[in-house]
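Here is the structure we will look at, set down as structure tokens.
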Amino acid sequence: MQSLNIAIEHAGSLSQIYIPSGIHSLKFLEYMNESVLLCGINALQVDAVNLEKLESHAVIRASDLSSMLFAINGDNKIKNLVIDCRNVSIGFIIKSGSVSFENCLIFGLKSSSGAEAFNLSGECSLRLENCVISHFGTAFDVTSSTLNLVNCIIKDCGTGIVMSEATSS
């Protein structure tokens with residue numbers, strides 16, 4: 001599964017990476033700095049995903065225990081993916097740019113009260129549409145950033161959104 005790591009590392013601006021069904025393990029990448037689309041090949045109906053049968057969907061997860069799965073600077077779009085954050089304490093750190101998620105299921109470990117799905121700081125904007133975020137201590141930790149949720153569900157999280165100096169809609 002090293003090929004997805006290599007594709008993301010070498011993606012240039014405006015690259016599109018299409019991910020087939022199956023479980024794809026990633027080692028932590030420093031930062032996604034380019035304008036990249038990561039997209040599952042098949043449309044994802046997030047409310048119908050069975051966590052016991054993930055291999056029938058395009059799934060990204062950490063290959064080993066790590067502090068985070070993705071760090072993002074720049075404009076990126078993530079679509080039609082199941083993102084397994086059970087091996088990390090933070091799913092996504094976003095420091096700059098405009099990042100969007102569409103039709104994604106992002107889940108952590110039920111028993112991890114300190115885990116965060118998203119940590120936004122700096123001048124960044126995050127938009128999620130038709131997404132489910134579940135099983136985190138905190139779904140969103142937002143500082144000086146913009147958060148826009150459209151038709152999203154936050155469930156089984158200790159805290160949904162922690163905001164300071166942020167804008168939401």
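The values are calculated or read from the model by the stated rules, or taken from the named source; none is laboratory data. Note that the coordinates shown come from a computational prediction; the quantities given were computed from them, not determined experimentally. Quick reminder, even Gly has a Cβ in these numbers, built from the backbone with ideal geometry, and neighbours come from all protein chains shown. Surface accessibility is based on the protein's heavy atoms, side chains included, excluding ligands, DNA and RNA. Shrake-Rupley method; radii C 1.70, N 1.55, O 1.52, S 1.80 Å.
Side notes on the structure shown:
- Zone residues, the stretch 68-92, relative to residue 143, backbone N less than 19 Å from point 7 Å out along Cα-to-Cβ: 68-74, 89-92
- Peptide packing for 80-91, 57-68, 41-52 was compared via the average number of neighbouring C-beta atoms within 10 Å per residue; ordered from the highest value, the list is 80-91, 57-68, 41-52.
- Taken over the chain, the alpha-carbon convex hull comes to 97 cubic angstrom per residue.
- Once you reduce the stretch 109-127 and the stretch 16-75 to the center of their Cα atoms, the two points are 16 Å from each other.
- For the residue pairs 77/110; 53/155; 27/77, the alpha carbons lie more than 23 Å apart in 77/110.
- For residue 93, distant residues with modelled amide H under 5 Å away: 70, 71, 72, 119
- Annotation: amide H of residue 153 within the under-5 Å range of 131, 132, 133, sequence separation 5 or more or interchain, hydrogens built in the peptide plane.
- Heavy-atom accessible surface of the stretch 27-169: percent carbon and sulfur, 1.4 Å: 45
- Distance between the modelled labels on residue 56 and residue 15, one decimal in nanometres: 3.1 nm (7 Å Cα→Cβ projection).
- Sites matching GluC sites (Glu not before Pro) across the stretch 1-50 that sit in DSSP coil, with at most 11 neighbouring C-beta atoms within 10 Å: 30
- Theoretical gain in end-to-end length, residue 48 to residue 31 [0.36 nm per residue, Cα-Cα removed]: 3.0 nm
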